[in-house]
Amino acid sequence: MNLKELTRRQLFGACGIGLGKISLASLLSRDVSAADSPTPASASAGLHHPAKIKRVIYLFMAGAPSQLDLFDHKPKLVELEGKPIPPSVIAGQRYAFIQPGAAVLSPRFKFNRFGQSGAQIAEPLPHLGEIADDVAFIRSVHTDQFNHAPAQIFVNTGSPIPGRPAMGSWLTYGLGSDADDLPGFVVLKSGGNLSGGAAMWSNGFLPGEHQGVAFRTSGDPILHVANPAGISRQTQRATLDLVSDLNRRRMESLAVDGIRSRIESYEMAYRMQTRAPELMDFSGESDETLAMYGTKREDTGSFAKNCLLARRLAERGVRFIQLYHSGWDHHSNVEGGLKSQCKATDQGCAALVKDLKQRGMLDETLVVWGGEFGRTPMVEASAALGRSLGRDHHPQAFTMWMAGGGVRAGQTIGKTDDLGFHPVEDAVHVHDIQATILHQLGIDHERLTFTFAGRPFRLTDVHGTVIKKLVG
Amino acid sequence: MTCSSPAGLLSPLRRLTLCVLVCAASTLVCAAGRLVAADAQPIDSSGSGQADVHRVDFNRDVRPILAKHCFTCHGPDEGTREADLRLDTQAGSRQDLGGYQAIKPGAAEDSELILRVTSDDEDLRMPPADGHPPLGEAEIATLRRWIDSGGQYEVHWSFQPAAEPSLPAVENPGWCRGPIDRFVLHRMEQNGLSPSAEADPVALIRRVYLDLLGTTPTPEEVDRFVDSDRPDAYEALVDRLLASPEYGERFARSWLDLARYSDTNGYEKDRPRTIWPYRNWVIDALNADKPYDAFSIEQLAGDMLDDATRSQRIATGFHRNTMLNEEGGIDPLEYRFYAMVDRVATTGTVWMGLTTGCAQCHTHKYDPLTHTDYYALMALMDNADEPELNADPPAVIEQRESIQRRITATEHDIVKRVLLADDGDATLQAAWAKWQAERLEQLSDWQTVAPDQMESTMPTLAVLDDGSVLASGDATKRDVYSLTMPAIDSDKPITAIRIEALSHPMLPAKGPGLAFYEGRRGDFFLSELEMSIGETPVTLAVGTTSVPGAKPGNGKTFPGNLFDGDGSTGWSIPGDAGQTHRLVIPLDPPLRLDQAWSLEMLFERHYVAALGRFRIDVTTDEHPQAMQISSDLQRQWLASKTSGQVSPKLKQDLALEFLRGADEMAEHRKPIDRLRNQIPDDVRTLVMQERPESNRRVTRRRHRGEYLQPKESVDAAVPEFFATDPEDGPRDRLELAQWLVSDANPLVGRVTANRAWREFFGTGIVRTAGDFGTQSESPSHPELLDYLDVRLRDTSVDGIGWSIKRLHREIVLSATYRQSIGTPPSADPDNRLLSVFPYRRYDAERIRDAFLSGSGLLSRQIGGPSVYPPQPESVVQMAYGNTAWPTSTGADRYRRSLYTYSKRTAPFAAYTTFDAPSGELCIARRDRSTTPLQALTLLNDQMYLEIAEGFADAAVRDAKQSGSDAKPRDIARHLFRRVLVRQPREGELDAILAFYRSQSEHERPWMLVARALMNTDEAITTP
């Protein structure tokens, strides 16, 4: 068959495909090879340039952790405590809850320096301190959105309005997945309510197989992956054999690829049924490993387990693994809130980086940590809402960190003004973060496009530049 | 597109360059993208036959080259136009550039365009070298031939009105059953193909059932059809199906994809909304075959029709299906803007097949749609408020009225018996007397004062007949009402003002506030209150309120909060919406208000919280109090106090008031409360309501499409290139709706016909279903598309006259549709020429509905609120809040799938897995993926297991009824027919029975067989 005559759908059909296994890269490479390219590309070679990494683990801290209390130390806020911020700084900024005249709130914690790089990290994050030299901090991230759902969706899809493809969907669309029997884009969730919801792992208008698969927090991790009560493994196998038999009979008179890919999809489903329990079974992990993640500690809850699961998914070739931990929206008592959320997440995050490093996987994995925006230098208090000593949403500046493949670790990029209000050096927009993640995977964010309803779309809309200081 | 604004990291110029790169589609990936999204077409796609292949066709051959390489800098967008040269218009291409011109007709070698694209000099060569690949040789040759042959521009095919094409001659006219077949066969013959044989009747009846009703025929219906010797058996079947009410349910689902229907608001909280009456309307309209022009006009502007009926208002729910962000702290006007963006995009897709999204941010790069055109189109739709409308079904009205009558009767009976009768309950009568005595002391003479002037930061205020003030229109999180009140002629100084918060049917949940998201709907929050005479502030004292429990320290009800300078405390009414309460604020000291005075009310919350309806009264009486009893009753009572006459009616009303509120009457209230709990909730559906001319909303162009960058105001108009006389063009939403389905819009007929075609063949005549613009794929059968367009618009007796049923009938009666399914020929691997009936998987809802109908479980009830078929709890657990999935029991478990509750942030998993949309975007074409998760769903989802049991039970029943001994082979045969409609072949039966026997240990082996059959490819794909 002449590959040039294939539509994407046919090719996928011919390959028996699902869950984003086949990539645009392999499609493109076939096209290129048909057009006399001597070396067919592969996913690991990247789509547009050689990839530095194979996968991404994105630790999404939903609710927006306070950068001013954890990473971006501003002594000036102590000095100004109780006074309003000059209107010239506020300059018409819209706030979610507070009025622009709200008073300054000083940092809630002591900061310490860690590692050779001397990174400044606040007290509630001691484990992060241990891996400070493996991490690059970006203190100058900013976004367009000042409400949770749109801001979270914006980080994940490049648009604040639900309906666009998620980053993970773009990645499996562009690169496919190395996972044989697991989805290429997996979402894990812990903590409280997640504002952005399913829009953050939606395939949007990309083909359906690129939808992120959110592992369920109760019951089967993947919907219906376990056989229902009363259906044994033997019965399931016999059923699939009958189904396959009947499908093959149909194919005798109807030689369409759709039937072949349906047969394949059932076999893959069966394999997934085997692999899923094995994936979720931590009994093979050493005590050391379990202790490092803290999976047995009460207060780390499911986040630590998700971190370990992330590593296991990474080992199995999953392209994009996203952990959401909700509970960072500290409109009141930012101090107490941070303490408990840091306790729940700090150890797991650090353990994941250490574990990947020990296993030689850190170089090929990009670990990203961050929320959807920052928090105000001003205090939030409201009698009607029963709030005090909190911080409101602050899109102008917040901190993220990255570790692993291709990241120049042990540095802090960007600087904010004395109030931590605006970036004053190396401002990094959310679209730049997206461009950089794609870049590390060998994708030029301006060239990964998909035409929907008459116009080409991309993750970074019409914006975004790769953060050279971070990965150059 | 949403070019949202990061704070100035990139210069505008840089942004534009990037934008150009995206839209130019000229990079390697985009080239691949075309391979991906479109295809390579081995077939001749011109539709005009082999003879014309060498003629250069501007639209087919030239425009794509110019669009790809030139329009970015020399196209419609003035903002990015270079060298003041435009190549998208003939006039532009002929412009004198100083002794030469870009295109010199008939002289390619003298045309600057050719010189530039072929130049060896990098500085001269176009397009510029930075990232733009040069033109290919074939492209240059095409341009040369085109210019040499005159270089004429032609309007893009879809922008030209369709002319009725003549029927093409075909070699095999005997195959054709109607004009459709002539066009289809002609294209086959041009490409050396011939049609397939007619499908066998069993396949045909299953196909046409699934296509017209979305369900499967019963074995009896199949037998009747197969055995019929009527020559018109198929026509009769089609007519019967078109008349079935299930037809409306089937096509409503497709329309709801376009309408982005959902039962929740979307975004973070994703709370429920009531808009199923709109879904009912769609089903009813399709079943009644409401002509597509009226169908469209009512949905876009039913409220603006003369004497608009309730049904026509409900239809405007179409554009109320936009999402509503209820997150705390949002800017509500920003999300209204996003909803408008969605409305423009959806209108463009549905009625024009045009993507308008590009022009939200800048003038379209390819299609002649300017940035201003976009906002002019938005302005046509922008002048509406978005209220709720009572859509109680007659049964609900009847039920409510009946219960209300019983409540009234019961109340009257109780007060008569207990309070009014001489032999009533003496204790309660004493309590009532005490109650009256206390209140009688509190009665004051209140006089309503209507404001002379009203200003507000956003909502529009109007005085109603009773002197109350009604707010409408937009509102923000911090609104201020400034009321100028008239001088009051009074003997004594004014001692207090009274503010009454009142309900109104136009308000969210009837009010009294304007809150429509985040907070309780109908909520308000009065934060601060100031009164002054001229420039002089009036000192106010902490007053009283009828709201219970309003003590100091209560931040939401204590009247003293109004003067504490803290916007986060105030006065409001906790509890249910629709209540009326009063606030009495004394003047300290009392003052004569014998000159104009003013009131300023601040409403501040993290959501919209201004009062929706309120009334201001004043009194000169001493010690006025806020009372719970209604103002009317207070007035009557006061009058009786003066006259000394208590009418029996007043006495009864006071007794009723005592019954409804007093603690002492709690026991007597119980039966009434029980009745009250049975009153069905109002069904209030979301509708559009045009604003009055006096209060037109101003639509502004938004620079780069950003909400925070409003620019000049824009007059309402359709895009200029449609060449409607500006004096004549639509000026409002209704005129837009009428224009969209008029002959002035060349696209609507083709877009509508194309959508219908896709319903039956899986792929449109234009494959890019949502896009008919200059970048769209050429139609596979252009003349057929034009023919269907002309037929649709033809209102003569023989015409289709916008009847969608007639259009569907013509398609399913065609020989093209009746072909058997098969493998596409290698010359046409995509089956664009339809020489076989196309293989495809059915959509999620039809898969389930087919199983429900086949198993006999399907509930045939039409319309109504959404239902909850079983799905794992973990699906909604992923969503925000403690969302429950109240799994339906009984027949509601087995309703048609379009009635399944659609929650945007946790869509019904069994449907999304099969590519069903979540109601976030207008979807003109669903994807059809094949994934292992689909296999797991059909195999293991409890919902499908239940249906499998239904199938098994039915098959056993069938076998018993058919008089056989219910031998396994018989049962298997019945089961097979119920799932797959056709008769099994013997080999298939053998395989099934072998499986059945291997599972004999299982409790429900027939369920296992049914489950296996439901998982076959054939069960979910076209026959």
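Here is how the numbers come out for the structure above:
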read-out	value
Selection count where residues are among the hydroxyl-bearing types (S, T, Y), over 16 Å from B:S598 (Cα atoms) and outside any loop (DSSP other than H, G, I, E, B), scope the stretch B:478-520	0
Criterion (in a strand (DSSP E or B), within 30 Å of B:D682 (Cα to Cα) and under 44 Å from the mean Cα position of the chain (by Cα)) met by exactly one of B:L599, B:L529, B:L583	B:L583
Hits in the stretch A:431-451 - residues which are at the interface with chain B (Cβ under 8 Å from one of its Cβ atoms) and of a type in the set (A, V, I, L, M, F, W, C)	A:L448, A:F450
Candidate set from the stretch A:151-163 (those that are at the interface with chain B (Cβ under 9 Å from one of its Cβ atoms) and not small (G, A, S)); member that is nearest to A:L338 (Cα to Cα)	A:Q152
All positions within the stretch B:728-754 that are assigned to a loop (DSSP other than H, G, I, E, B) and of a type in the set (S, T, Y)	B:S742
Test result for A:G174, under 27 Å from B:L1013 (Cα atoms) and facing chain B (nearest Cβ under 10 Å)	no
Number of the exception - A:H148 against (1) facing another protein chain (nearest Cβ under 8 Å); (2) in contact with a helix residue (DSSP H, G or I) (Cβ under 9 Å, 6 or more places away or on another chain)	(2)
Set B:D576, B:D523: member being modelled with pLDDT of 95 or more and closer than 30 Å to B:M688 by Cα	B:D523
Where A:G390 falls short, out of the listed (1) modelled with pLDDT of 95 or more; (2) not in a strand (DSSP E or B)	(2)
Filtered residues of the stretch B:857-881 (kept if outside any loop (DSSP other than H, G, I, E, B) and either farther than 26 Å from A:N227 by Cβ or not hydroxyl-bearing (S, T, Y) (or both))	B:V867, B:E873, B:V875, B:V876, B:Q877
Search result, residues across the stretch B:719-750 that are touching a helix residue (DSSP H, G or I) at 6+ places or on another chain (Cβ under 7 Å) and among the aliphatic types (A, V, I, L, M)	B:L734, B:L736, B:A737, B:L740, B:V741, B:A744, B:L747, B:V748
The stretch B:797-831, residues that are closer than 25 Å to B:L241 by Cβ, among the small types (G, A, S) and within 14 Å of chain A (Cβ to nearest Cβ)	B:S820, B:G822
Residue pairs meeting the criteria (Cβ under 9 Å; at least 6 apart or on separate chains; first without any contact (Cβ under 8 Å) to a residue 40 or more places away in the chain, in the stretch B:746-775; second part of a loop (DSSP other than H, G, I, E, B))	B:I765/B:P779; B:I765/B:S780; B:I765/B:H781
Among the residues listed as A:V428, A:V462, A:V466, the single one being more than 30 Å from B:D367 (Cβ to Cβ), free of Cβ contacts under 8 Å to residues at least 40 places away in the same chain and either within 14 Å of chain B (Cβ to nearest Cβ) or in contact with a Ser or Thr (Cβ under 7 Å, 6 or more places away or on another chain) (or both)	A:V466
Among residues of the stretch A:357-385, those that are under 24 Å from A:L80 (Cα atoms) and either part of a loop (DSSP other than H, G, I, E, B) or of a type in the set (G, A, S) (or both), counted	5
Selected residue (criterion: farthest from B:S158 (Cα to Cα)) from residues of the stretch B:755-796 that are within 14 Å of chain A (Cβ to nearest Cβ) and either in a helix (DSSP H, G or I) or β-branched (V, I, T) (or both)	B:T763
Residues located in the stretch A:188-212, provided they are under 22 Å from B:L939 (Cα atoms) and more than 7 Å from chain B (Cβ to nearest Cβ)	A:H210, A:Q211, A:G212
Residues of the stretch B:933-974 that turn out to be touching a Pro at 6+ places or on another chain (Cβ under 9 Å) and within 14 Å of chain A (Cβ to nearest Cβ), as a count	10
Test result for A:G405, modelled with pLDDT of 95 or more, crowded, with 22+ Cβ neighbours inside 10 Å and out of contact with any Phe, Trp or Tyr (no Cβ under 8 Å at 6 or more places or on another chain)	no
Spans of helices (runs of 4 or more DSSP H) in the stretch B:923-1023 with at least 1 residues of a type in the set (D, E, K, R)	B:942-961, B:968-980, B:986-998, B:1005-1014
Subset of the stretch B:349-382 [of a type in the set (G, A, S), in a helix (DSSP H, G or I) and in contact with a helix residue (DSSP H, G or I) (Cβ under 9 Å, 6 or more places away or on another chain)]	B:A359, B:A376
Residues satisfying the stated conditions in the stretch A:68-109, i.e. among the polar types (S, T, N, Q) and in contact (Cβ under 8 Å) with a residue 24 or more places away in the chain	A:Q93, A:S106
Residues being assigned to a helix (DSSP H, G or I) and touching a Phe, Trp or Tyr at 6+ places or on another chain (Cβ under 6 Å) - total across the stretch B:305-338	5
Residue ID - farthest from the other protein chains (Cβ to nearest Cβ), chosen from residues in the stretch A:135-145 that are among the β-branched types (V, I, T) and within 22 Å of A:H394 (Cα to Cα)	A:I138
Close pairs from the stretch A:321-346: first at positive phi, partner surrounded by 18 or more Cβ atoms within 10 Å (Cβ to Cβ) and of a type outside the set (K, R), Cβ under 7 Å, at least 6 apart	A:G327/A:G63; A:G327/A:G191; A:G327/A:Q341; A:N333/A:G390
Qualifying positions in the stretch B:218-232 - more than 18 Å from B:G856 (Cα to Cα) and touching a residue at least 24 places away in the same chain (Cβ under 8 Å)	B:F225, B:V226
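The values are calculated or read from the model by the stated rules, or taken from the named source; none is laboratory data. What you see is a predicted model; the values in this text were computed from it and never measured. Cβ coordinates were reconstructed from backbone atoms using ideal geometry, including for glycine residues, and neighbour counts include every protein chain displayed.
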